[in-house]
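Trainee: Provided herewith is a single structure, encoded as C-alpha coordinates, for subsequent inquiry.
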Amino acid sequence: MTKITGIEPIPVRIPFDHWAPPPMHAGKPRTAIDTLLVRVTTDAGVVGWGEAYGPMWQATVPTYENWIAPLSIGQDVDDLELTTRLERTLHNFGRAGPSLHAISGLDIALWDIRGKLAGASVSTLLGGRRRDRIEVYASLLHYDGVLDNVRRVTARALQAGYRKIKLHERTAAAVAAAREIMGPDIPMMVDVNCAWSPDEAIAAVTAMAASRLTWIEEPIWPPEDVASLAVLRRATGLATAIGENATGALDFRKMIAANAVDYVQPSAVKIGGLTTLWRICTEAEAAGATCAPHSPYFGPGYLATLHVLAAKPRESAIERFYCDLGMVPFERTVRVEDGVIAVPDGPGLGADPEPELIERYRV
Ligand SMILES: [Mg+2]
(Lines give C-alpha, C1' and ligand atoms only; values in the text may rest on other atoms or scores of the structure.)
Protein backbone atom coordinates (compact mmCIF):
# COMPACT_ATOMS: atom_id res chain seq x y z
CA MET A 1 0.00 0.00 0.00
CA THR A 2 1.26 3.45 -0.94
CA LYS A 3 0.00 6.28 1.24
CA ILE A 4 -0.66 9.93 0.50
CA THR A 5 1.71 12.04 2.63
CA GLY A 6 1.00 15.56 1.39
CA ILE A 7 -1.22 17.67 -0.86
CA GLU A 8 0.01 21.09 -1.96
CA PRO A 9 -2.17 23.38 -4.07
CA ILE A 10 -0.02 25.74 -6.17
CA PRO A 11 -1.80 28.65 -7.90
CA VAL A 12 -0.07 29.77 -11.07
CA ARG A 13 -0.97 32.84 -13.14
CA ILE A 14 0.28 32.80 -16.74
CA PRO A 15 -0.19 36.05 -18.68
CA PHE A 16 -1.67 35.69 -22.14
CA ASP A 17 -2.09 37.77 -25.25
CA HIS A 18 -4.99 37.14 -27.58
CA TRP A 19 -4.04 40.09 -29.78
CA ALA A 20 -6.98 42.31 -28.79
CA PRO A 21 -8.34 44.12 -25.68
CA PRO A 22 -8.78 41.76 -22.68
CA PRO A 23 -11.96 39.67 -22.75
CA MET A 24 -14.25 39.72 -19.69
CA HIS A 25 -14.38 36.64 -17.47
CA ALA A 26 -16.56 36.34 -14.36
CA GLY A 27 -17.07 40.11 -14.32
CA LYS A 28 -13.42 41.17 -14.72
CA PRO A 29 -11.11 41.83 -17.67
CA ARG A 30 -8.95 38.75 -18.12
CA THR A 31 -5.24 39.11 -18.86
CA ALA A 32 -3.93 35.83 -17.45
CA ILE A 33 -4.86 32.15 -17.30
CA ASP A 34 -5.07 31.06 -13.67
CA THR A 35 -4.23 27.42 -13.04
CA LEU A 36 -4.35 25.56 -9.75
CA LEU A 37 -1.66 22.87 -9.82
CA VAL A 38 -1.92 20.15 -7.17
CA ARG A 39 1.21 18.34 -6.00
CA VAL A 40 0.56 15.09 -4.16
CA THR A 41 3.39 13.29 -2.38
CA THR A 42 3.49 9.66 -1.24
CA ASP A 43 5.45 7.50 1.17
CA ALA A 44 6.90 5.68 -1.85
CA GLY A 45 8.61 8.90 -2.94
CA VAL A 46 6.47 9.13 -6.08
CA VAL A 47 4.99 12.59 -6.72
CA GLY A 48 1.78 13.06 -8.71
CA TRP A 49 0.44 16.21 -10.34
CA GLY A 50 -3.17 17.24 -10.68
CA GLU A 51 -5.04 20.38 -11.63
CA ALA A 52 -8.20 21.99 -10.26
CA TYR A 53 -10.30 24.66 -12.01
CA GLY A 54 -8.06 27.73 -11.97
CA PRO A 55 -10.19 30.88 -12.10
CA MET A 56 -11.41 30.50 -8.49
CA TRP A 57 -8.29 29.10 -6.83
CA GLN A 58 -8.70 31.67 -4.02
CA ALA A 59 -11.62 29.57 -2.77
CA THR A 60 -10.18 26.18 -3.68
CA VAL A 61 -6.81 26.51 -1.90
CA PRO A 62 -8.46 26.76 1.58
CA THR A 63 -10.66 23.79 0.63
CA TYR A 64 -7.51 21.71 0.21
CA GLU A 65 -5.98 22.99 3.41
CA ASN A 66 -9.03 22.62 5.64
CA TRP A 67 -10.81 19.57 4.24
CA ILE A 68 -9.21 17.65 1.36
CA ALA A 69 -5.72 17.29 2.87
CA PRO A 70 -6.82 16.28 6.40
CA LEU A 71 -9.28 13.73 4.97
CA SER A 72 -6.84 12.28 2.41
CA ILE A 73 -3.40 12.14 4.03
CA GLY A 74 -2.68 8.58 5.10
CA GLN A 75 -5.12 7.12 2.56
CA ASP A 76 -4.11 4.51 -0.05
CA VAL A 77 -3.38 5.94 -3.53
CA ASP A 78 -4.94 2.82 -5.08
CA ASP A 79 -8.24 3.34 -3.29
CA LEU A 80 -10.54 4.05 -6.25
CA GLU A 81 -13.38 5.00 -3.88
CA LEU A 82 -11.46 7.76 -2.08
CA THR A 83 -12.71 10.66 -4.21
CA THR A 84 -16.28 9.33 -4.17
CA ARG A 85 -16.12 9.20 -0.35
CA LEU A 86 -14.83 12.78 -0.27
CA GLU A 87 -17.77 13.87 -2.43
CA ARG A 88 -20.18 12.31 0.04
CA THR A 89 -18.40 13.70 3.07
CA LEU A 90 -18.37 17.24 1.64
CA HIS A 91 -21.74 17.24 -0.10
CA ASN A 92 -23.20 19.84 2.28
CA PHE A 93 -20.90 22.42 0.65
CA GLY A 94 -22.77 22.04 -2.62
CA ARG A 95 -22.43 19.58 -5.46
CA ALA A 96 -20.24 21.84 -7.60
CA GLY A 97 -17.73 24.63 -7.02
CA PRO A 98 -14.56 24.65 -4.89
CA SER A 99 -15.11 21.33 -3.11
CA LEU A 100 -15.68 19.42 -6.36
CA HIS A 101 -12.86 21.33 -8.09
CA ALA A 102 -10.50 20.35 -5.26
CA ILE A 103 -11.57 16.70 -5.47
CA SER A 104 -10.94 16.88 -9.24
CA GLY A 105 -7.36 18.02 -8.76
CA LEU A 106 -6.63 15.29 -6.23
CA ASP A 107 -8.20 12.61 -8.44
CA ILE A 108 -6.05 13.59 -11.44
CA ALA A 109 -2.89 13.51 -9.30
CA LEU A 110 -3.83 10.04 -7.97
CA TRP A 111 -4.09 8.71 -11.54
CA ASP A 112 -0.68 10.21 -12.30
CA ILE A 113 0.73 8.42 -9.22
CA ARG A 114 -0.95 5.11 -10.11
CA GLY A 115 0.53 5.25 -13.61
CA LYS A 116 3.98 6.14 -12.31
CA LEU A 117 3.87 3.26 -9.79
CA ALA A 118 2.72 0.82 -12.49
CA GLY A 119 5.15 2.14 -15.13
CA ALA A 120 2.17 2.68 -17.47
CA SER A 121 0.48 5.68 -19.04
CA VAL A 122 -2.93 6.74 -17.77
CA SER A 123 -4.53 5.83 -21.11
CA THR A 124 -3.12 2.32 -20.69
CA LEU A 125 -4.69 2.15 -17.22
CA LEU A 126 -8.02 3.22 -18.74
CA GLY A 127 -8.00 0.09 -20.90
CA GLY A 128 -5.55 1.06 -23.61
CA ARG A 129 -5.33 3.82 -26.15
CA ARG A 130 -7.25 3.57 -29.40
CA ARG A 131 -5.28 6.39 -31.03
CA ASP A 132 -1.88 8.01 -30.49
CA ARG A 133 -2.58 11.41 -31.97
CA ILE A 134 -5.37 13.80 -31.05
CA GLU A 135 -6.55 16.63 -33.23
CA VAL A 136 -6.61 20.01 -31.49
CA TYR A 137 -9.22 22.66 -32.08
CA ALA A 138 -8.38 26.31 -31.63
CA SER A 139 -10.76 27.76 -29.05
CA LEU A 140 -10.67 31.50 -29.73
CA LEU A 141 -11.34 33.76 -26.75
CA HIS A 142 -14.03 36.35 -27.27
CA TYR A 143 -13.60 39.46 -29.35
CA ASP A 144 -16.90 41.08 -28.42
CA GLY A 145 -18.27 40.93 -31.93
CA VAL A 146 -15.51 43.15 -33.36
CA LEU A 147 -15.44 41.76 -36.88
CA ASP A 148 -11.90 42.79 -37.79
CA ASN A 149 -10.52 41.03 -34.72
CA VAL A 150 -12.58 37.90 -35.37
CA ARG A 151 -11.37 37.77 -38.97
CA ARG A 152 -7.74 38.46 -38.09
CA VAL A 153 -7.49 35.86 -35.33
CA THR A 154 -9.41 33.24 -37.33
CA ALA A 155 -6.90 33.68 -40.16
CA ARG A 156 -4.05 33.43 -37.67
CA ALA A 157 -5.36 30.12 -36.29
CA LEU A 158 -5.64 28.67 -39.79
CA GLN A 159 -2.11 29.85 -40.51
CA ALA A 160 -0.91 28.06 -37.35
CA GLY A 161 -2.26 24.78 -38.73
CA TYR A 162 -5.58 24.38 -36.91
CA ARG A 163 -8.30 22.69 -38.94
CA LYS A 164 -11.15 23.07 -36.46
CA ILE A 165 -12.07 26.35 -34.75
CA LYS A 166 -14.41 27.38 -31.97
CA LEU A 167 -15.59 30.95 -31.48
CA HIS A 168 -16.85 32.60 -28.32
CA GLU A 169 -18.94 35.16 -30.22
CA ARG A 170 -22.62 35.92 -29.77
CA THR A 171 -23.65 37.61 -33.00
CA ALA A 172 -24.55 36.05 -36.33
CA ALA A 173 -22.41 38.71 -38.03
CA ALA A 174 -19.26 37.69 -36.14
CA VAL A 175 -19.88 34.01 -36.85
CA ALA A 176 -20.48 34.74 -40.55
CA ALA A 177 -17.25 36.79 -40.69
CA ALA A 178 -15.26 33.84 -39.34
CA ARG A 179 -16.95 31.44 -41.76
CA GLU A 180 -16.00 33.67 -44.66
CA ILE A 181 -12.33 33.49 -43.65
CA MET A 182 -12.46 29.72 -43.05
CA GLY A 183 -14.15 28.79 -46.29
CA PRO A 184 -16.86 26.14 -46.38
CA ASP A 185 -14.95 23.05 -45.18
CA ILE A 186 -13.36 23.88 -41.81
CA PRO A 187 -15.57 22.69 -38.94
CA MET A 188 -16.69 25.60 -36.77
CA MET A 189 -18.22 25.52 -33.30
CA VAL A 190 -19.75 28.44 -31.43
CA ASP A 191 -19.82 28.79 -27.63
CA VAL A 192 -22.00 31.56 -26.18
CA ASN A 193 -21.56 30.68 -22.46
CA CYS A 194 -25.29 30.63 -21.61
CA ALA A 195 -26.06 33.95 -23.33
CA TRP A 196 -29.76 33.58 -23.98
CA SER A 197 -33.13 32.88 -22.41
CA PRO A 198 -34.94 29.90 -23.99
CA ASP A 199 -37.10 32.27 -26.06
CA GLU A 200 -34.20 34.38 -27.30
CA ALA A 201 -32.12 31.30 -28.13
CA ILE A 202 -34.26 30.01 -30.98
CA ALA A 203 -34.01 33.20 -33.05
CA ALA A 204 -30.34 33.76 -32.18
CA VAL A 205 -29.29 30.21 -33.07
CA THR A 206 -31.37 30.21 -36.24
CA ALA A 207 -29.57 33.40 -37.33
CA MET A 208 -26.18 31.69 -36.89
CA ALA A 209 -27.17 28.40 -38.49
CA ALA A 210 -26.54 29.74 -42.01
CA SER A 211 -22.82 29.74 -41.12
CA ARG A 212 -22.99 25.94 -40.73
CA LEU A 213 -21.95 25.13 -37.17
CA THR A 214 -20.82 21.74 -35.90
CA TRP A 215 -22.43 22.64 -32.59
CA ILE A 216 -23.86 25.50 -30.56
CA GLU A 217 -22.42 25.39 -27.03
CA GLU A 218 -24.27 26.41 -23.88
CA PRO A 219 -26.90 28.48 -25.71
CA ILE A 220 -29.34 28.76 -22.78
CA TRP A 221 -29.33 30.23 -19.29
CA PRO A 222 -29.41 28.45 -16.92
CA PRO A 223 -27.29 25.63 -18.36
CA GLU A 224 -29.24 22.93 -16.52
CA ASP A 225 -32.51 23.82 -18.29
CA VAL A 226 -32.37 20.64 -20.38
CA ALA A 227 -36.06 20.78 -21.36
CA SER A 228 -35.52 24.12 -23.13
CA LEU A 229 -32.32 22.82 -24.75
CA ALA A 230 -34.29 19.88 -26.15
CA VAL A 231 -36.88 22.29 -27.59
CA LEU A 232 -34.12 24.42 -29.14
CA ARG A 233 -32.39 21.38 -30.60
CA ARG A 234 -35.63 20.20 -32.22
CA ALA A 235 -36.62 23.66 -33.45
CA THR A 236 -33.27 24.55 -35.04
CA GLY A 237 -31.97 21.11 -36.05
CA LEU A 238 -28.54 22.22 -34.80
CA ALA A 239 -26.38 19.97 -32.61
CA THR A 240 -25.92 21.17 -29.02
CA ALA A 241 -22.91 20.90 -26.71
CA ILE A 242 -23.25 21.28 -22.93
CA GLY A 243 -21.77 20.01 -19.70
CA GLU A 244 -18.87 22.17 -18.48
CA ASN A 245 -21.14 23.41 -15.67
CA ALA A 246 -22.66 20.05 -14.78
CA THR A 247 -22.25 18.58 -11.31
CA GLY A 248 -21.71 14.88 -11.97
CA ALA A 249 -22.46 11.80 -14.04
CA LEU A 250 -26.17 11.91 -13.19
CA ASP A 251 -26.56 15.34 -14.84
CA PHE A 252 -25.26 13.85 -18.09
CA ARG A 253 -27.68 10.92 -17.90
CA LYS A 254 -30.50 13.45 -17.50
CA MET A 255 -29.45 15.64 -20.41
CA ILE A 256 -29.10 12.63 -22.71
CA ALA A 257 -32.46 11.22 -21.57
CA ALA A 258 -34.07 14.60 -22.31
CA ASN A 259 -32.72 14.56 -25.90
CA ALA A 260 -31.00 17.85 -25.09
CA VAL A 261 -27.45 17.18 -26.22
CA ASP A 262 -25.24 15.80 -29.00
CA TYR A 263 -21.81 16.61 -27.56
CA VAL A 264 -21.30 16.22 -23.81
CA GLN A 265 -18.57 18.37 -22.27
CA PRO A 266 -17.47 17.23 -18.82
CA SER A 267 -14.45 19.12 -17.51
CA ALA A 268 -11.64 17.12 -15.88
CA VAL A 269 -10.82 19.96 -13.47
CA LYS A 270 -14.41 20.63 -12.38
CA ILE A 271 -16.46 17.44 -12.55
CA GLY A 272 -14.57 15.21 -10.11
CA GLY A 273 -11.38 14.50 -12.02
CA LEU A 274 -10.35 11.83 -14.44
CA THR A 275 -12.45 9.12 -12.78
CA THR A 276 -15.73 10.97 -13.34
CA LEU A 277 -14.69 12.30 -16.75
CA TRP A 278 -13.99 8.75 -17.91
CA ARG A 279 -17.27 7.43 -16.51
CA ILE A 280 -19.26 10.17 -18.24
CA CYS A 281 -17.44 9.70 -21.55
CA THR A 282 -17.99 5.97 -21.67
CA GLU A 283 -21.62 6.15 -20.50
CA ALA A 284 -22.51 9.01 -22.87
CA GLU A 285 -20.89 7.36 -25.88
CA ALA A 286 -22.64 4.07 -25.14
CA ALA A 287 -25.89 6.09 -25.16
CA GLY A 288 -25.12 7.61 -28.56
CA ALA A 289 -23.71 11.06 -27.65
CA THR A 290 -20.13 12.14 -28.32
CA CYS A 291 -17.88 13.19 -25.46
CA ALA A 292 -16.04 16.42 -26.35
CA PRO A 293 -14.56 17.49 -23.00
CA HIS A 294 -14.18 21.10 -21.86
CA SER A 295 -10.42 21.78 -21.56
CA PRO A 296 -9.45 25.46 -21.96
CA TYR A 297 -6.53 25.11 -19.53
CA PHE A 298 -2.97 23.95 -19.87
CA GLY A 299 -1.89 21.87 -16.86
CA PRO A 300 -2.20 18.22 -15.77
CA GLY A 301 -5.99 18.44 -16.34
CA TYR A 302 -5.25 19.02 -20.00
CA LEU A 303 -3.01 15.92 -20.10
CA ALA A 304 -5.69 13.89 -18.29
CA THR A 305 -8.18 14.94 -20.97
CA LEU A 306 -5.74 13.88 -23.70
CA HIS A 307 -5.48 10.39 -22.19
CA VAL A 308 -9.27 10.08 -22.01
CA LEU A 309 -9.54 11.16 -25.66
CA ALA A 310 -6.91 8.56 -26.59
CA ALA A 311 -8.77 5.74 -24.82
CA LYS A 312 -12.47 6.52 -25.39
CA PRO A 313 -14.52 4.87 -28.14
CA ARG A 314 -15.25 7.87 -30.38
CA GLU A 315 -12.61 10.14 -31.84
CA SER A 316 -12.90 13.79 -30.71
CA ALA A 317 -10.64 16.82 -30.96
CA ILE A 318 -9.28 18.44 -27.81
CA GLU A 319 -10.11 22.05 -26.96
CA ARG A 320 -7.16 24.42 -26.58
CA PHE A 321 -7.35 28.15 -25.89
CA TYR A 322 -5.81 29.99 -28.81
CA CYS A 323 -3.54 32.73 -27.47
CA ASP A 324 0.12 33.41 -26.74
CA LEU A 325 1.14 32.47 -23.19
CA GLY A 326 3.98 33.91 -21.11
CA MET A 327 5.18 30.33 -20.97
CA VAL A 328 3.50 27.33 -22.63
CA PRO A 329 3.28 24.42 -20.17
CA PHE A 330 4.61 21.12 -21.57
CA GLU A 331 5.94 22.86 -24.65
CA ARG A 332 8.98 20.58 -24.76
CA THR A 333 7.12 17.39 -23.81
CA VAL A 334 3.59 17.54 -25.25
CA ARG A 335 3.65 19.86 -28.23
CA VAL A 336 0.87 20.97 -30.55
CA GLU A 337 2.15 20.61 -34.10
CA ASP A 338 0.02 21.55 -37.09
CA GLY A 339 -3.11 21.27 -35.00
CA VAL A 340 -2.29 17.77 -33.67
CA ILE A 341 -0.84 16.43 -30.38
CA ALA A 342 0.96 13.13 -29.91
CA VAL A 343 -0.40 11.55 -26.69
CA PRO A 344 2.51 11.20 -24.23
CA ASP A 345 3.31 7.57 -23.42
CA GLY A 346 5.52 7.90 -20.36
CA PRO A 347 4.25 6.63 -16.98
CA GLY A 348 1.26 8.43 -15.48
CA LEU A 349 0.16 11.56 -17.31
CA GLY A 350 3.46 11.46 -19.20
CA ALA A 351 4.86 14.85 -18.15
CA ASP A 352 5.25 16.92 -14.98
CA PRO A 353 4.77 20.70 -14.91
CA GLU A 354 8.09 22.45 -15.52
CA PRO A 355 9.80 23.81 -12.35
CA GLU A 356 10.40 27.14 -14.15
CA LEU A 357 6.65 27.52 -14.74
CA ILE A 358 6.14 27.47 -10.98
CA GLU A 359 9.19 29.62 -10.23
CA ARG A 360 8.11 32.30 -12.67
CA TYR A 361 4.34 32.37 -12.26
CA ARG A 362 3.39 31.07 -8.84
CA VAL A 363 0.98 33.54 -7.24
MG1 LIG B 1 -17.53 26.33 -23.20
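The values are calculated or read from the model by the stated rules, or taken from the named source; none is laboratory data. Please read all numbers here as calculations on a predicted model, not as lab measurements. Cβ: placed from backbone, ideal geometry, glycine included. Neighbour counts: every protein chain shown. Calculation scope for accessible area: heavy atoms of the full protein, side chains included, ligands and nucleic acids excluded. Shrake-Rupley method; radii C 1.70, N 1.55, O 1.52, S 1.80 Å.
Trainee: Just the isolated ones, please: cysteines in the chain lacking another cysteine beta carbon under 4.7 angstrom.
Mentor: By the Cβ distance rule, which asks for a partner under 4.7 Å, the isolated cysteines are CYS194, CYS323.
Trainee: In addition: Rounded to the nearest 500, what is the chain's calculated 222 nm mean residue ellipticity when only DSSP H runs of at least 4 contribute -39500 (n - 2.57) each, over all residues?
Mentor: -10500 deg cm²/dmol, from helical runs alone.
Trainee: Would you work out the charge dipole size for the range 1-40 about its Cα centre, treating the Cβ of every Lys and Arg as +1 and the Cβ of every Asp and Glu as -1, and quote it to the nearest 20 debye? Kindly include the intermediate steps, with their values, before the conclusion.
Mentor: Values: 5 positive and 3 negative charges, 23 e Å.
Dipole of the range 1-40, to the nearest 20 debye: 120 debye.
Trainee: Counting only protein heavy atoms and a 1.4 Å probe, tell me what percentage of the range 4-119's accessible area is made up of carbon and sulfur.
Mentor: 55
Trainee: May I pose another question? Taking amide H positions as placed in the peptide plane 1.01 Å from N, state which residues far from HIS25 in sequence (5 or more) or on other chains have amide H under 5 Å from it.
Mentor: Those qualifying (amide H under 5 Å, at least 5 residues apart or on another chain) are ARG30.
Trainee: When a/c is below 1.5 the answer is rounded, else prolate if a/b is larger than b/c, else oblate, so apply that to the chain with a ≥ b ≥ c taken from the square roots of the Cα gyration tensor eigenvalues. Numbers along the way, then the final one.
Mentor: On the way: a/c = 1.69, a/b = 1.45, b/c = 1.16.
The shape class here is prolate.
Trainee: With r as the distance between the Cβ atoms of MET56 and THR206 and R0 = 51 Å, compute the FRET efficiency 1/(1 + (r/R0)^6) and round to 0.05. Don't skip to the end; give the middle numbers.
Mentor: Details: r = 34 Å, r/R0 = 0.68.
Result of the calculation: an efficiency of 0.90.
Trainee: Shifting gears a bit: Once you have the Cα-Cα distance between HIS25 and LEU147, take 0.36 nm times their residue separation minus that, and quote the gain in nm to one decimal. Walk me through the numbers on the way to the answer.
Mentor: Details: separation 122, 0.36 × 122 = 43.92 nm, distance 2.01 nm.
Answer, rounded to one decimal: 41.9 nm.
Trainee: Applying the Karplus parametrisation 6.51 cos²θ - 1.76 cosθ + 1.60 with θ = phi - 60° to the phi angles of the range 200-207, what ³J(HN,Hα) value in whole Hz is obtained for each residue in order, glycine and proline being reported as x?
Mentor: 5, 4, 5, 5, 5, 6, 4, 5
Trainee: On the accessible surface of the range 227-353, probed at 1.4 Å, how many percent belong to carbon and sulfur atoms?
Mentor: Values: 1850 of 4060 Å².
Answer for the range 227-353 is 46 percent, counting heavy atoms of protein chains only.
Trainee: If the chain between ARG133 and ALA160 were fully stretched, how many nm would it gain, using 0.36 nm times the residue separation less the Cα-Cα distance? Could you put the intermediate results ahead of the total?
Mentor: On the way: separation 27, 0.36 × 27 = 9.72 nm, distance 1.76 nm.
Contour length minus Cα-Cα distance gives 8.0 nm.
Trainee: Ranked from the most accessible area to the least, with a 1.4 Å probe and all protein chains present, what is the order of GLU354, GLU87?
Mentor: Details: GLU354 15, GLU87 40 Å².
Listed by decreasing accessible area, they come as GLU87, GLU354.
Trainee: With a 1.4 Å probe and every protein chain left in place, work out the accessible area per residue of the range 124-351 in Å², rounded to a whole number. Intermediate values should be presented prior to the final figure.
Mentor: Details: 8540 Å² over 228 residues.
Each residue of the range 124-351 exposes 37 Å² on average to a 1.4 Å probe.
Trainee: Suppose the chain between THR89 and GLU354 were pulled fully straight at 0.36 nm per residue; how much longer would it get relative to their current alpha carbon spacing?
Mentor: Values: separation 265, 0.36 × 265 = 95.40 nm, distance 3.35 nm.
Roughly 92.0 nm would be gained on extension.
Trainee: Roughly how many nanometres apart are two label points built 7 Å out from the Cα toward the Cβ at VAL363 and ALA173?
Mentor: A separation of 3.6 nm, rounded to one decimal place.
Trainee: What angle, in degrees between 0 and 90 and rounded to the nearest 10, separates the Cα long axis of helix 147-159 from the longest principal axis of the Cα atoms of the chain?
Mentor: That helix lies at roughly 60 degrees to the long axis.
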